[in-house]
Amino acid sequence: MTPAGSLLTASGLRKTYGPTTALDGADFSIHPGEVVAVMGPSGSGKSTLLHCLAGIVKPDEGSITYNGRELAGLPDAALSALRRSEFGFVFQFGQLVPELTCVENVALPLRLNGARRKDAEQTARTWMERLEVDDLLGKRPGEVSGGQGQRVAVARALATNPRVLFADEPTGALDSLNGERVMELLTDAARSTNAAVVLVTHETRVAAYSDREIVVRDGRSRDMERAV
Amino acid sequence: MSIGHTLLGLLESGPRHGYDLKRTFDEKFGHDKPLHYGQVYSTMSRLLKNGLVEVDGIETEGGPERKRYAITDAGITDVETWLATPEKPEPYLQSTLYTKVVLALLTDRDASEMLDSQRAEHLRLMRILTDRKRKGDLADQLICDHALFHLEADLRWLELAAARLNKLAEEVRSA
Ligand SMILES: Nc1ncnc2c1ncn2[C@@H]1O[C@H](COP(=O)(O)OP(=O)(O)OP(=O)(O)O)[C@@H](O)[C@H]1O
Ligand SMILES: [Mg+2]
């Protein structure tokens, strides 16, 4: 069952790792342009849910549809093509390639999608300006601060104009001022391109940048809109 | 908040009319709760009686008479002392939320449902404040952040309580 107009929908997801049940019948849905926070205690299954939704981890049971297509039915090659062209990713840390400069990092996913170097770097530059890190173009990730690196990572995730941005604790390593600025820039950019954002966070002040939240507990999800 | 001290503090930069004081107070500190004229009037007459302000002039042209107030030396000392005295931190030991949780458990109602709807309500307000902060100036940001940090603290407590609900239920019911 797909809620009307939703871009990405999951229902009845189950995933076990040996004796551990990471997901135990989780549901999810998101519309284009919507920012949904995924909250819940540590170990409750938030990252596993995000990985399933993004096609990185295959659930044992349940269905995930993206744009009307069932992910489970896609061959691996089609799935990775989908991830490269339609999805963007931001994680807590360690996602930039240390050997490349910041602008090369941001340009990388565009290059992987076949863009020419000059075009890719031009687009990368524009995104770095939007994330207020265009002064770091030629620096390597090792030479920038955590907050700056995170902005570069957000620029990289958005540069391919993804339909869905997956962010797992994107501000987890930042102080609250930097974290909130990253959230502000991230949600502004996502709204302006009508991208959907799946935002895993345990910080309520970060979740307050979302349009609505779900809470995951013991592998089950709860849509908090229905909690009132 | 002490309205008397705040109005007194505003007078330190120069004499003002009651109306002017109200407007400045509302603009700087009133936010969603502007002062009533009655409050300004009664506060000023108390300050006057205590010698912390004096009447600096009266205008009568067209309409009711308007007093202009000036701060006295005693008033300046009073502001000084107020600013230098730390506020007592809120003890936060009388919590309606906690009372509701315990009562829900005692009466076999669904306490976790209650915690969840409270959580949703808190986040709803946090979204509104976050949005306002985004659009506001620095003063707005600071005042919203103050509220947001307090709401965050409540939410963390709600989560902690939810995680310990079973244990609390045992204790509450055996007592
Ligand atoms: N690759 C894996 N192999 C084995 N167990 C795993 C794996 N990934 C997750 N788990 C387990 O599944 C459960 C859910 O993990 P998950 O990473 O989804 O939690 P989380 O909600 O993201 O937690 P956190 O807030 O700490 O990041 C945990 O018990 C975890 O140990
Ligand atoms: Mg996680």
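The values are calculated or read from the model by the stated rules, or taken from the named source; none is laboratory data. Please read all numbers here as calculations on a predicted model, not as lab measurements. Cβ: placed from backbone, ideal geometry, glycine included. Neighbour counts: every protein chain shown.
Could you grab me the full set of residues in the range A:190-201 that are polar (S, T, N, Q) and either touching a strand residue (DSSP E or B) at 6+ places or on another chain (Cβ under 8 Å) or within 11 Å of chain B (Cβ to nearest Cβ) (or both)?
Step one: of the range A:190-201, the residues polar (S, T, N, Q) are A:192-194, A:201.
Selection gives A:Thr201 alone.
Among the listed residues A:Thr187, A:Thr204, identify the single one that is within 11 Å of chain B (Cβ to nearest Cβ), within 16 Å of ligand 1 (Cβ to nearest atom) and either in contact (Cβ under 8 Å) with a residue 40 or more places away in the chain or surrounded by fewer than 17 Cβ atoms within 10 Å (Cβ to Cβ) (or both).
Details: A:Thr187 fails: within 16 Å of ligand 1 (Cβ to nearest atom).
The conditions single out A:Thr204.
Which number in (1) away from every other protein chain (no Cβ under 11 Å); (2) in contact (Cβ under 8 Å) with a residue 40 or more places away in the chain; (3) under 20 Å from the mean Cα position of the chain (by Cα) marks the one condition that B:Ala111 misses?
(3)
Need the failing condition index for A:Lys15 against (1) away from ligand 2 (no atom under 16 Å from the Cβ); (2) crowded, with 20+ Cβ neighbours inside 10 Å, just the number.
Every listed condition holds for A:Lys15 apart from (1).
Looking only at the range A:47-98, count how many residues are within 16 Å of ligand 2 (Cβ to nearest atom) and β-branched (Val, Ile, Thr).
So the count comes out to 4.
Please enumerate the residues belonging to the range A:207-221 that are more than 7 Å from every other protein chain (Cβ to nearest Cβ) and not small (Gly, Ala, Ser). Lay out the reasoning, then the answer.
Step one: list which residues in the range A:207-221 are more than 7 Å from every other protein chain (Cβ to nearest Cβ), which gives A:210-212, A:214-221.
Answer for the range A:207-221, where residues must be more than 7 Å from every other protein chain (Cβ to nearest Cβ) and not small (Gly, Ala, Ser): A:Asp211, A:Arg212, A:Ile214, A:Val215, A:Val216, A:Arg217, A:Asp218, A:Arg220.
For the range A:207-228, how many residues are farther than 24 Å from A:Pro59 by Cα and more than 16 Å from ligand 1 (Cβ to nearest atom)?
Within the range A:207-228, the first condition is being farther than 24 Å from A:Pro59 by Cα, and the residues that meet it are A:207-212, A:225-228.
Next cut, more than 16 Å from ligand 1 (Cβ to nearest atom) only: A:208-212, A:225-228.
Count: 9.
Among the residues of the range A:60-73, which ones are within 16 Å of ligand 1 (Cβ to nearest atom) and either over 18 Å from the mean Cα position of the chain (by Cα) or within 18 Å of A:Asp168 (Cα to Cα) (or both)?
Of the range A:60-73, the ones within 16 Å of ligand 1 (Cβ to nearest atom) are A:60-62, A:64.
If the condition is that a residue be within 16 Å of ligand 1 (Cβ to nearest atom) and either over 18 Å from the mean Cα position of the chain (by Cα) or within 18 Å of A:Asp168 (Cα to Cα) (or both), then A:Asp60, A:Glu61, A:Gly62 are the ones that fit.
Here is a yes/no grid of residues against (1) part of a helix (DSSP H, G or I); (2) modelled with pLDDT of 90 or more; (3) under 24 Å from A:Asp223 (Cα atoms); (4) away from every other protein chain (no Cβ under 14 Å):
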| residue | (1), (2), (3), (4) |
| --- | --- |
| B:Ala104 | yes, yes, yes, yes |
| B:Ser117 | yes, yes, yes, no |
| B:Arg132 | yes, yes, no, no |
| B:Ile143 | yes, yes, no, yes |
| B:Arg156 | yes, yes, yes, no |
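Filter the range A:207-227 down to the residues that are surrounded by fewer than 23 Cβ atoms within 10 Å (Cβ to Cβ) and part of a helix (DSSP H, G or I) and list them by number.
Matches in the range A:207-227: A:Met224, A:Glu225, A:Arg226, A:Ala227.
Pairs only if they're at least six apart or on different chains, beta carbon under 9 angstrom, first in the range B:145-162 and exposed (fewer than 13 other Cβ atoms within 10 Å of the Cβ), second of a type in the set (Phe, Trp, Tyr); list them, first residue then second.
B:Ala153/B:Tyr92
Considering only the range A:171-182, I want to know if a residue exists there that is out of contact with any Lys or Arg (no Cβ under 8 Å at 6 or more places or on another chain), among the β-branched types (Val, Ile, Thr), within 20 Å of B:Asp131 (Cα to Cα) and within 12 Å of another protein chain (Cβ to nearest Cβ).
Within the range A:171-182 (the criterion being out of contact with any Lys or Arg (no Cβ under 8 Å at 6 or more places or on another chain), among the β-branched types (Val, Ile, Thr), within 20 Å of B:Asp131 (Cα to Cα) and within 12 Å of another protein chain (Cβ to nearest Cβ)), the answer is no, since none of the residues qualifies.
Read through the list (1) surrounded by 11 or more Cβ atoms within 10 Å (Cβ to Cβ); (2) at negative phi; (3) without any contact (Cβ under 8 Å) to a residue 60 or more places away in the chain; (4) not hydrophobic (A, V, I, L, M, F, W, C), then give the number of the only condition that B:Tyr92 fails.
(2)
Go through (1) surrounded by 11 or more Cβ atoms within 10 Å (Cβ to Cβ); (2) assigned to a helix (DSSP H, G or I) and name the single condition B:Ala70 misses.
For B:Ala70, the failing item is (2).
Are any residues in the range A:22-56 within 10 Å of ligand 1 (Cβ to nearest atom) and surrounded by fewer than 17 Cβ atoms within 10 Å (Cβ to Cβ), and if so, which ones?
Hits for the range A:22-56 are A:Pro41, A:Ser42, A:Gly43.
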